[in-house]
Amino acid sequence: MAEYSTLGSVAVLQVNNPPVNSFSHHVRQALVDGLERAQRDPAVRSIVIMGKGRTFPAGADIREFGSGAAVKMPNLLMVLQAVDTCQKPVVSAIHGTALGGGFELALASHYRLAVPSARMGLPEVHLGILPGAGGTQRLPRVVGVKTAIQMITSGQHIKAQQALSLGIVDKIVQGDLLKEAVSFARSVEGRPVEDRRISQKTVPEADKVDEVVEAARKTILRKARGAIAPMTCVQAIQASVLPFEAGMAREAELMAFLMTSWQAPAQQYAFFSEREVRRWSHPRDKRINFKTAKPRVVKSVGVVGAGTMGMGITINLLQAGLKVVMLEVNKKQLDKAVNTIKKTLSQKSASQKMSQLTTAMDYSQLRDVDIVIEAVFENMRLKKEVFRKLDAVTKPQTILASNTSGLNIDEIAAVTKRPDKVVGTHFFAPANVMRLLENIYGRQTSPETVATAMQLGVTIGKVGVLVGNCPGFVGNRMLGSYTAEAVFLLEEGAEPQDVDRAIEEFGFPMGPFRMGDLSGTDIGWKGRIAKGLTTEHGPPPATPALYRRGNRYCPLPDMLCMKGRLGQKTGAGWYRYEPGSRTALPDPVVLQMIQDYRQEHGFKKRTISSQEIVERCLYPLINEGFHILDEGIAARSLDIDVIYLFGYGWPRHTGGPMYYAERVIGLEKLLCSLETYSARYPDHAHLQPSPLLRNMVAKGGSLAALGTDSKL
Ligand code: CAA
Ligand code: NAI
């Protein structure tokens with residue numbers, strides 16, 4: 001609702017719809033009623049609109065989308081029209097976040113005030129839609145087309161000070177917002193509102209619009225990676241040079257197009273799933289969940305290993321205000337890490353944050369921390385040695401977490417006397433940037449330990465997802481079948497750049513080979529050596545070249561590593577790199593290596609379509625997701641989707657692998673394709689459809705119904 005009150009000549013409308021004051025139907029109705037009342041009352045000479053509680057309205061009620069409530073009159077356009085055409089000055093007083101429809105309400109008002117901490121923006125593009133309540137028409141009239149394109153296609157929130165310098169906000173007010181807003185409203189009473197109506201202004205430099213759009217087009221398309229909303233936003237902004245009503249009609253037409261596309265519900269699903277993962281439950285025992293398990297308080301953290309991951313994790317922890325003891329065995333590496341951390345922390349607070357960091361080379365210095373995150377080399381023997389030491393030196397209640405990318409948490413826990421306090425906390429590189437935190441519970445991990453790992457994720461701004469223990473956990477296990485199929489495609493005739501192009505056109509930021517070069521081709525190689533699948537010098541003795549333990553195996557990645565081509569760090573991997581450059585250039589040496597291999601093993605090169613590449617790489621990955629659900633390693637399909645959206649660059653506009661499988665491909669079609677491919681390649685185990693998928697197609701089940709995400 002919107003509470004109506006008067007303070008002398010000022011009518012105050014306070015939106016009260018927690019948690020974010022979104023424009024649910026009852027709020028829209030109350031605003032229209034309030035405005036009418038204020039207009040009718042001769043004692044009222046001005047109107048203030050603000051939000052109660054934590055924020056100015058943060059936009060439309062996304063939960064209403066697709067339901068009758070969203071289109072129930074009055075709609076948001078009618079509310080904003082009533083504000084715009086109100087004969088008494090309307091002042092929007094902003095605190096918290098004025099987003100989407102909320103920011104559009106502010107733009108429809110005659111004056112805008114903001115507190116210094118306020119933020120505002122039009123993030124609709126992230127929901128697969130556009131600012132459809134006049135945002136694409138009013139914002140360019142204030143800031144020009146170029147800035148409007150930048151703000152709307154990025155969905156970025158700007159701070160009050162920037163809004164002031166862009167002319168969006170009229171004044172930044174300190175102190176009590178209500179008091180300030182009422183006093184400001186009084187000061188403008190009686191002034192004509194006509195020249196304050198943004199809708200009646202013209203776009204600055206309107207004659208240059210086509211030029212500006214043309215200049216932005218390429219970058220926007222590249223960044224959109226297949227999402228249709230960004231360029232559609234631009235088309236709407238382009239119409240802002242038309243008379244206001246005509247521009248609004250164009251905006252409505254384009255909004256209808258986006259609202260009915262398959263991408264908008266996918267992106268809205270992603271929005272809610274990102275929040276839903278916080279309501280975790282134990283995949284195998286639903287009685288253990290975010291409500292029943294209480295986290296321990298974490299104030300200090302030990303980080304063991306100050307390499308790539310340990311460094312990133314430490315930055316992340318310090319940024320969140322935690323105390324960190326960073327331990328490393330290599331003094332040179334420790335110094336290097338401290339320097340990098342110092343450089344990365346923002347100038348403003350670097351010294352205060354650095355004062356929270358203690359460095360150590362002696363394990364006893366970890367004695368008082370609340371949790372330790374181990375990030376030493378991916379080697380089971382070493383991890384066990386480290387956990388034994390940690391168990392001996394830390395206080396009994398300290399939680400011991402491993403950042404392993406796929407080793408067995410139970411095996412690590414077994415060397416300690418506190419297996420209930422051992423958990424996996426799998427960060428993604430760069431750890432201070434990537435939002436995903438895959439938390440892995442072991443057989444004996446206690447609910448309290450799980451809850452603490454999940455809570456730590458929230459504290460440090462991560463999107464934490466709880467999963468079970470299996471090789472590679474959820475993310476890397478699913479990735480295994482994707483990378484395996486990518487190299488099988490090379491055998492058959494594709495070149496690395498063909499595979500990468502197809503996957504990037506689908507929407508990933510990088511295809512598997514460019515990704516391999518970035519992270520280092522030796523990461524997988526070391527893993528295969530550790531598993532005895534290969535050696536540093538080729539296949540283990542008496543091993544057939546193309547099979548390992550009964551499964552098809554492609555040794556091309558091992559051959560690449562044996563040539564010393566370890567990726568960008570050695571200047572060559574699947575591609576070659578000019579000194580100092582990260583641009584992947586196809587390399588005749590690699591193409592020849594692949595061609596020789598095909599000849600040696602009797603593969604006949606054929607042309608492989610982009611569609612086949614995408615299906616062959618992504619369908620087995622999704623298929624593995626079904627196995628994971630079947631085994632109870634992930635509780636809900638949305639947990640898998642969030643892992644892929646936040647950790648692996650899966651394109652957000654498709655909702656995530658499991659959403660995409662069900663709502664875009666269709667489970668029946670997915671099954672049919674997997675059956676076709678597995679008939680063609682009977683020895684590619686990951687192409688064999690999962691029993692769960694078969695079952696769901698046969699019985700007509702839905703993924704949402706498998707978990708607790710049925711309300712989405
Ligand atoms: N509609 C419905 N629910 C919303 C919502 C919205 N616009 N925005 C947030 N929520 C819900 C969240 O789902 C969450 O619910 P649960 O607690 O049940 O999970 C709750 O509000 C709190 O949200 P957050 O956990 O995200 O809280 P936060 O403090 O971290 O962030 C926020 C607050 C910055 C407002 C963030 O929620 C956000 O970015 N919201 C989306 C804003 C947005 O996209 N607005 C545009 C809407 S579309 C529109 O307005 C269309 C138009 O032009 C006509
Ligand atoms: P790294 O090689 O960059 O760093 C490991 C560090 O551990 C080195 O600095 C080494 O000196 C130190 N170390 C070795 N033994 C030690 C001991 N006994 N005590 C203290 N320090 C010791 O390795 P990276 O990449 O940071 O990986 C660490 C862990 O994180 C591994 O388990 C890896 O699988 C995992 N991981 C790595 C990711 C990546 O992209 N690099 C992503 C996610 C997880």
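The values are calculated or read from the model by the stated rules, or taken from the named source; none is laboratory data. Everything numeric in this text was worked out from a predicted model, so none of it was measured. So basically every Cβ, Gly included, is an ideal-geometry build from the backbone, and we count neighbours across all protein chains shown. Quick note on the areas: whole protein, heavy atoms, side chains included, nothing else; ligands and nucleic acids left out. Shrake-Rupley method; radii C 1.70, N 1.55, O 1.52, S 1.80 Å.
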* To do: Just need a number here: residues in segment 483-504 that are surrounded by fewer than 23 Cβ atoms within 10 Å (Cβ to Cβ) and under 21 Å from the mean Cα position of the chain (by Cα).
  => 1
* Report yes if Tyr441 is open to solvent by 20 Å² or more (accessible area, probe 1.4 Å), modelled with pLDDT of 95 or more and among the aromatic types (Phe, Trp, Tyr), otherwise no. => no
* Report the residue count in segment 149-165 for those that are in a helix (DSSP H, G or I), within 13 Å of Phe103 (Cα to Cα) and either of a type in the set (Gly, Ala, Ser) or in contact with an Asp or Glu (Cβ under 7 Å, 6 or more places away or on another chain) (or both). => 2
* Looking for whichever is crowded, with 24+ Cβ neighbours inside 10 Å and over 18 Å from Ala239 (Cα atoms) here; the options are Gly128, Gly135, Gly167. Which one fits? => Gly128
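Of a type in the set (A, V, I, L, M) and in a helix (DSSP H, G or I): which single residue out of Ala264, Ala227 fits that description?
Ala264
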* To do: Please list, ordered by first then second residue, the pairs with beta carbon atoms under 9 Å, 6 or more apart or interchain, first in segment 24-48 and assigned to a loop (DSSP other than H, G, I, E, B), second hydroxyl-bearing (Ser, Thr, Tyr) and open to solvent by 10 Å² or more (accessible area, probe 1.4 Å).
  => Asp41/Thr6; Ala43/Thr6; Ala43/Ser9; Val44/Thr6; Val44/Ser9; Arg45/Ser9
* If we keep just the residues of segment 414-438 that are closer than 19 Å to Val463 by Cβ and open to solvent by 30 Å² or more (accessible area, probe 1.4 Å), which is nearest to ligand 2 (Cβ to nearest atom)? -> Ala429
* Residues (buried (at least 24 other Cβ atoms within 10 Å of the Cβ) and in contact with a His (Cβ under 9 Å, 6 or more places away or on another chain)) located in segment 622-651 -> Asn623, Ala635
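Being open to solvent by 10 Å² or more (accessible area, probe 1.4 Å), closer than 30 Å to Met454 by Cα and in contact (Cβ under 8 Å) with a residue 12 or more places away in the chain: is that true of Leu591 here?
no
Please pick out the residue among Leu130, Leu99, Leu139, Leu122 that is under 20 Å from Val32 (Cα atoms) and within 16 Å of ligand 1 (Cβ to nearest atom).
Going through Leu130, Leu99, Leu139, Leu122 in turn, just one is under 20 Å from Val32 (Cα atoms) and within 16 Å of ligand 1 (Cβ to nearest atom): Leu99.
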* Asked: Given the structure, is Gly53 part of a helix (DSSP H, G or I) and in the same structural domain as Ile129 (by TED's automatic domain parsing)?
  -> no
* Structure fact -> Scanning segment 275-289 for residues that are at pLDDT 95 or above and surrounded by fewer than 18 Cβ atoms within 10 Å (Cβ to Cβ), the one nearest to ligand 2 (Cβ to nearest atom) turns out to be Arg278
* Structure fact -> Within segment 340-360, residues open to solvent by 30 Å² or more (accessible area, probe 1.4 Å), within 16 Å of ligand 2 (Cβ to nearest atom) and touching a Leu at 6+ places or on another chain (Cβ under 7 Å) come out as Thr359
* Asked: Can you name the residue in segment 374-397 that is assigned to a loop (DSSP other than H, G, I, E, B) and either without any contact (Cβ under 8 Å) to a residue 60 or more places away in the chain or within 16 Å of ligand 1 (Cβ to nearest atom) (or both) and, of all such residues, is surrounded by the fewest Cβ atoms within 10 Å (Cβ to Cβ)?
  -> Pro396
* Structure fact -> Matching residues in segment 90-141 (aromatic (Phe, Trp, Tyr) and within 25 Å of the chain's Cα centre (by Cα)) number 1
* **Residue within segment 318-332 that is modelled with pLDDT of 95 or more, under 21 Å from Val450 (Cα atoms), among the aliphatic types (A, V, I, L, M) and in contact with a Phe, Trp or Tyr (Cβ under 6 Å, 6 or more places away or on another chain) present** => no
* **Yes/no for Glu615 being touching a helix residue (DSSP H, G or I) at 6+ places or on another chain (Cβ under 7 Å) and open to solvent by 10 Å² or more (accessible area, probe 1.4 Å)** => yes
* Asked: What number of residues in segment 530-562 are touching a strand residue (DSSP E or B) at 6+ places or on another chain (Cβ under 8 Å), charged (D, E, K, R) and in a loop (DSSP other than H, G, I, E, B)?
  -> 0
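State yes or no: is Arg191 assigned by TED's automatic domain parsing to the domain that holds Leu122, part of a helix (DSSP H, G or I) and either open to solvent by 40 Å² or more (accessible area, probe 1.4 Å) or within 27 Å of Val91 (Cα to Cα) (or both)?
Here the answer is no, as Arg191 does not meet what is asked.
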* To do: Identify, from the list Asp335, Asp410, the residue that is in contact with a strand residue (DSSP E or B) (Cβ under 9 Å, 6 or more places away or on another chain), acidic (Asp, Glu), free of Cβ contacts under 8 Å to residues at least 60 places away in the same chain and within 30 Å of Met478 (Cβ to Cβ).
  => Asp410
* To do: Take segment 319-339 and flag every residue that is open to solvent by less than 50 Å² (accessible area, probe 1.4 Å) and within 14 Å of ligand 2 (Cβ to nearest atom).
  => Val325, Met326, Leu327, Glu328, Gln333, Leu334, Ala337, Val338
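Just name the residue that is nearest to ligand 2 (Cβ to nearest atom) out of those in segment 362-413 that are polar (S, T, N, Q) and within 21 Å of Leu322 (Cα to Cα).
Asn403
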* To do: Within segment 290-318, work out how many residues are within 16 Å of ligand 2 (Cβ to nearest atom) and open to solvent by 30 Å² or more (accessible area, probe 1.4 Å).
  => 2
* Asked: Any idea which of (1) within 16 Å of ligand 1 (Cβ to nearest atom); (2) of a type in the set (Gly, Ala, Ser); (3) in contact (Cβ under 8 Å) with a residue 24 or more places away in the chain is the one Ala256 doesn't satisfy?
  -> (3)
* **Matching option when the condition is modelled with pLDDT under 95, open to solvent by 20 Å² or more (accessible area, probe 1.4 Å) and more than 8 Å from ligand 1 (Cβ to nearest atom), among Lys146, Lys159, Lys72, Lys52** => Lys72
* Asked: Taking segment 438-465 as the region of interest, how many residues are closer than 15 Å to Ile399 by Cβ and within 16 Å of ligand 1 (Cβ to nearest atom)?
  -> 6
